[in-house]
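Report on the following structure.
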Amino acid sequence: GERPHEWLSKNRIECLDDFPAASPDLNAIEYVWSWMNKYIQHQHPTSQQRLEQLVQEAWDEIGQSIIINHIDHMSNICDRIIQNSGGHS
């Protein structure tokens with residue numbers, strides 16, 4: 001059968017073969033961790049117990065709309081990466 005890369009090429013979809021696989025620009029979970037970190041740091045935890053509570057609270061507080069907005073923004077990120085020839089946006 002046809003390999004995925006061949007299919008993409010045949011359908012004129014450009015691949016960024018030299019782009020780092022672990023790029024934070026294209027990794028939605030990195031955005032979630034960053035959002036949670038800011039949320040937690042804003043609360044100034046002073047104990048391990050409070051930190052654990054805040055981690056759970058941050059996870060519960062991050063709304064689907066925040067995640068969806070980031071995913072929707074991915075096309076802009078991809079455009080910037082292409083403009084930078086594969087470099088970070």
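Remark: pairs (first residue in the range 35-49, in contact (Cβ under 8 Å) with a residue 24 or more places away in the chain; second residue of a type in the set (A, V, I, L, M, F, W, C) and open to solvent by less than 100 Å² (accessible area, probe 1.4 Å); Cβ separation under 6 Å; 6+ apart in sequence or on different chains) = Trp35/Ile62; Met36/Ala58.
For Cys15, the conditions (1) part of a helix (DSSP H, G or I); (2) at pLDDT below 75; (3) touching a helix residue (DSSP H, G or I) at 6+ places or on another chain (Cβ under 9 Å) are fulfilled apart from (1).
Asn76 meets each of the listed conditions (1) closer than 18 Å to Glu30 by Cβ; (2) surrounded by 13 or more Cβ atoms within 10 Å (Cβ to Cβ); (3) not acidic (Asp, Glu) apart from (2).
The values are calculated or read from the model by the stated rules, or taken from the named source; none is laboratory data. If you're wondering where the values come from, they're calculated on a predicted model, not measured in any experiment. When we count neighbours, we look across all protein chains shown, and the Cβ atoms used for this are built from the backbone with ideal geometry, even at glycine. All accessible areas refer to the heavy atoms of the entire protein, side chains included, with ligands and DNA or RNA removed. Shrake-Rupley method; radii C 1.70, N 1.55, O 1.52, S 1.80 Å.
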